[in-house]
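Working notes, beginning with the structure itself.
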Amino acid sequence: MSAKETSDGELPPSLPDAAKEHAALSEEIRGHDRRYYQEDAPAISDAEYDALRRRLDALEAEFPELKTPDSPSQTVGAAPSGAFAKVRHAVPMLSLGNAFAEEDVAEFVARVRRFLQMKPDDELAISAEPKIDGLSASLLYRDGRFVRGATRGDGAVGEDVTRNIATIDDVPERLEGDDAPEVLEVRGEVYMSHADFRALNERQVAAGKPVFANPRNAAAGSLRQLDPSVTASRPLRFFAYAWGEASAVPSDTQTGMVKNLGRWGFSINPLMKVFTSAEGLIAHYRAIEAERSSLGYDIDGVVYKVDRLDLQRRLGFVSRSPRWAIAHKFPAEQATTVLEAIDIQVGRTGALTPVAKLTPVTVGGVVVSNATLHNEDEIARKDVRVGDTVIVQRAGDVIPQVVAVVPEKRPKGATPFVFPTVCPVCGSHAVREEGEVVRRCTGGLICRAQAVERLRHFVSRNAMDIDGLGDKQISAFYEWGQIRQPSEIFTLERRERDGDGLILLRNREGWGETSAKNLYAAIEDARTRTTDRLLYALGIRHVGEVNAKRLMRHFVSLEALRDAARRATPPDPEVKGDKGNDAWAEIVDIEGIGPIVARAVIDFFQEPQNDPPLDALLAEVKPEPMEQVARESPVAGLTVVFTGALEKMTRDEAKAMAERLGAKVAGSVSKKTDIVVAGPGAGSKLAKARDLGIETLSEDEWLARVGETG
Ligand code: IVH
């Protein structure tokens, strides 16, 4: 995600509107700050938080009046909670701007160069180091002795946690060497290693205490203990990466000074390196990302800092972050939790989607209790079972997903998940097409989950084309409980006339005498839409406008199609050579209609739940035949079977021609067959035709019959 994407929403047109949004946004950000800094219980991901911040910045850039001293843009974090003494930071503890996309890194480098008015050949050194996912702290040394430790707090005022920080092994009580400044405030990150975090949580469980969601929360909770002996029992660590107040800074560069901190006894991160191009920084970012899972502690990105301290001074700060540094965030975060149940949700198109119901867990700073399992095959592939401990991932702002199962933690007796074959919303059969991963509800006419979407399709321009019934109106009628299925569109006026305490349409908001009358007229008009439009309007899967025409050209009436579909039995894949029955053959033999479409049509018409609404609909409409296709042709209405080799045309052409002339083309010979056209090599079909006394024609005779000789 690039920084631009999330901050780009349209800005309000006027100051009052902007002020309103600004106030609400500020309130929201303050709430998140409180949860993050004081309660160690963040409710949203860092990425989401950053997006809120960016929106705030965008508002203030457009309406500078909103940039008041108490705006969250002018403060960092949250004011201390009150349990500890307050510490005013001599140099404010600031935050970092974020980069999410590689373009943002290039943009950062370009911005710095522009600001410093550097020439293309001038070299700009920038360091890159891991962004440690802990909490920042300030450690004050006087004459080489640790005298005070503080949290960041709101950046201006933090909490005095001296005694707690003193318990951390990585924090020297006395600075080493003889060249440390008299006054030196060291800044860095307090964090907990993965191994220590796991061990701590095991101890918590053994003691019947709540576990920590992640190492950062554990570190924060441990540092802010009122009893330092508790902190001492928590294995905290510290990486030094910056400094605040200092009586001397014996280096010209950021990295030089950090190396000094290392000499004076601090742990410094070994992955810090200097580069002179955005490409170099990005390459290091990727290298660190590749190493991320084996580092043994959490990092959430890479921090880039202009290395020369004189340039840092020239660059200075913008509100809460330095112009000379930026944090390039990593995209994904993972956590493990227990899968409590698998829910099946039904989407607007009838797709059944499995959703994991999880024991709530913090992933990337957000509490996650639902995650997608994608589909039936994914559940089987990962062998996800209810009761399993699973790894959950959030990548950027996408829906959390279940990545894998932790097999060692599978409870005894957990059984493989059986995906339902009926729709959990309406009880209709849910079917899966060959080669499709999604299972779909076939109860298109009655399923609540699909209803509004289906109704919208039903009335749309190329379907029943009912003027005055747009998306908005359909939703409203559905809400009012007045139109729940297509037939009810046509009974609307009658029901209204019959009263039953119904609110008259003309009295509804947005409607009047004329618009109501116009709607009823449009509905009346739609009763006679052609059969192919009516079929298309039903929204059967794979039956778009073209297939609806193909089907109706052959079957003429919807009743005939329905009858064939009800009788059809597709080939049984278990039985070798099975071709299905005649009714099946009749459908798949229509030009352009293959087994996938045929199956979808059959599934729809064979679903018993669709019968009542379909009957109700057919009782209301009087569809006209789609087009008067060659009614007068000599073969109109006859059923023709082609067999053997054809010499003057391909089988497809022959079929298309016959259908154009109003004949039905079937794949097999039965009592219903009127003509069999047999070419050389015709075998069993020809024999059967003779048996049944059906008229047989050669290809030429057929062409002569239909008047297209030669
Ligand atoms: S430099 C003036 N370097 O990230 C900014 N910060 O979002 C000085 N952090 O408050 C910060 N690792 O808590 C810096 N290597 C690193 C860091 C780092 C983690 C944290 C720190 C800071 C926050 C900014």
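The values are calculated or read from the model by the stated rules, or taken from the named source; none is laboratory data. Computed from a prediction, not measured in an experiment: that's the story for all the values here. Quick reminder, even Gly has a Cβ in these numbers, built from the backbone with ideal geometry, and neighbours come from all protein chains shown. The accessibility values were calculated without ligands, DNA or RNA, using every heavy atom of the protein model including side chains. Shrake-Rupley method; radii C 1.70, N 1.55, O 1.52, S 1.80 Å.
Each label was represented as a point 7 Å from its Cα along the Cα-to-Cβ direction; for D611 and D310 these points are 9.1 nm apart. Each Lys or Arg adds one and each Asp or Glu takes one away; over the other residues whose Cβ falls under 9 Å from the Cβ of F490, this sums to -2. Against the main long axis of the alpha-carbon atoms of the chain, helix 513-526 sits at an angle near 50°.
Peptides 402-412, 656-666 ranked from most to least packed by the mean count of surrounding Cβ atoms within 10 Å: 656-666, 402-412. Listed by chain and number, the lysines placed with their C-alpha closer than 29 angstrom to that of K517 are K472, K622; residues fewer than eight positions away on the same chain are left out. Among 483-496, 612-625, sorting by the average number of other beta carbon atoms lying within 10 angstrom of each residue, highest first, gives 483-496, 612-625. Charge tally for G347 (other residues, Cβ to Cβ under 15 Å; Lys, Arg +1; Asp, Glu -1): +4. Taking Cα atoms only, the orientation of helix 448-459 departs from the longest principal axis of the chain by about 60 degrees.
What the chain shows is 47 Å² of accessible area per residue, with the surface traced by a 1.4 Å probe over protein heavy atoms. Roughly what % of Cα-Cα distances in the range 67-187 sit above 22 Å, to the whole percent? Considering the range 67-187, 54 percent of its Cα-Cα pairs are separated by more than 22 Å.
Taking amide hydrogens as placed 1.01 Å from N in the peptide plane, the amide H of V403 sits under 5 Å from those of I391, V392, Q393, each at least 5 positions away in sequence or on another chain. With all protein chains in place and a 1.4 Å probe, the accessible surface of the chain carries 50 percent carbon and sulfur. Note on the chain: helix-only mean residue ellipticity at 222 nm, from DSSP H runs of 4+ residues weighted -39500 (n - 2.57) and normalised by residue number, equals -10500 deg cm²/dmol. For K131, list the aspartates and glutamates whose Cα falls under 15 Å from its own Cα; do not include residues on the same chain fewer than 8 positions away. Reachable aspartates and glutamates: D46, E189, E289, E291, D298, D300, E333. Rounded to a whole number, what is D in µm²/s for the chain from Stokes-Einstein with the Kirkwood radius over alpha-carbon pairs (25 °C, 0.890 mPa s)? Calculated translational D: 77 µm²/s. Most tightly packed first, judged by the mean number of other beta-carbon atoms within 10 Å of their residues, the peptides 601-609, 543-551 read 601-609, 543-551. Taking a sphere under 15 Å around the Cβ of L358 and counting the other residues whose Cβ falls inside, with K and R at +1 and D and E at -1, yields a net charge of +1. The distance between label points at I391 and R410 comes to 1.7 nm (points 7 Å beyond Cα on the Cα→Cβ vector).
Taking a straight Cα-Cα cut-off under 16 Å and skipping sequence neighbours fewer than 8 places away in the same chain, the aspartates and glutamates within cross-link reach of K672 are D563, D582, E586, D589, D691, E695.
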